Amino acid sequence: MSNRTFTMIKPDAVRAGNIGNILKMINDAGFRIVAMKLSKMSMERAGEFYAVHSERPFYGELCEFMSSGPIVAAILEKDNAVEDFRKLIGATNPAQAEEGTIRKAYATSVGENAVHGSDSDENAAIEGAFHFSGTEMF
Ligand code: CMP
């Protein structure tokens with residue numbers, strides 16, 4: 001059981017002014033923020049972050065969107081963090097996301113889906129280290 005996961009509040013949710021609303025849902029669900037920053041990924045950095053999807057037809061669109069504006073990157077701590085956070089954010093496609101989830105409330109499409117959540121303990125560690133140095137994690 002992991003106790004840390006990595007998230008990004010994506011450019012659509014930042015543009016829509018939903019940083020505070022989403023952080024409140026994260027806080028209310030019992031996650032502690034151990035690292036956080038507002039930053040903008042270049043097209044190249046977005047490509048690196050999502051390299052695992054490089055063969056997918058939506059890869060170019062995904063990288064363009066994720067580099068289209070600032071994101072909020074954060075590392076979150078809680079028992080069973082990866083699994084519990086994926087429950088909190090809901091299905092990738094907001095049309096299938098359950099009531100009470102972040103994507104149900106704030107995502108508009110499968111591409112512009114408001115938040116990212118790591119899908120495994122291993123990826124949570126890799127993705128956290130991609131965005132934060134050791135002195136930026138608490
Ligand atoms: P995320 O959890 O950040 O991980 C990969 C992302 O790819 C996913 O959220 C979606 O935003 C995006 N994605 C998945 N499927 C599609 C699709 N069919 N079209 C566009 N983007 C997609």
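The values are calculated or read from the model by the stated rules, or taken from the named source; none is laboratory data. Keep in mind the model is a prediction, meaning the values are calculated, not measured. No Cβ is skipped: glycine too gets one built from the backbone with ideal geometry, and neighbour counts run over all protein chains shown. Quick note on the areas: whole protein, heavy atoms, side chains included, nothing else; ligands and nucleic acids left out. Shrake-Rupley method; radii C 1.70, N 1.55, O 1.52, S 1.80 Å.
Yes/no matrix, rows are residues, columns are (1) aliphatic (A, V, I, L, M); (2) under 23 Å from Arg15 (Cα atoms); (3) in contact (Cβ under 8 Å) with a residue 12 or more places away in the chain:
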position: Lys37; (1), (2), (3): no, yes, yes
position: Met41; (1), (2), (3): yes, yes, yes
position: Phe49; (1), (2), (3): no, yes, yes
position: Val72; (1), (2), (3): yes, yes, yes
position: Asp84; (1), (2), (3): no, no, yes
position: Ala91; (1), (2), (3): yes, yes, yes
position: Glu122; (1), (2), (3): no, no, no
position: Ala129; (1), (2), (3): yes, no, no
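Please state which of the following conditions Glu77 fails to meet, knowing it meets all the rest: (1) out of contact with any Lys or Arg (no Cβ under 7 Å at 6 or more places or on another chain); (2) open to solvent by 20 Å² or more (accessible area, probe 1.4 Å).
(1)
For segment 1-40, give me each residue that is surrounded by fewer than 12 Cβ atoms within 10 Å (Cβ to Cβ) and either within 16 Å of the ligand (Cβ to nearest atom) or of a type in the set (Phe, Trp, Tyr) (or both).
Ser39
Which of the residues belonging to segment 41-58 are loosely packed, with under 13 Cβ neighbours inside 10 Å and near the ligand (Cβ under 8 Å from one of its atoms)?
Scanning segment 41-58 gives Arg56, Pro57, Phe58.
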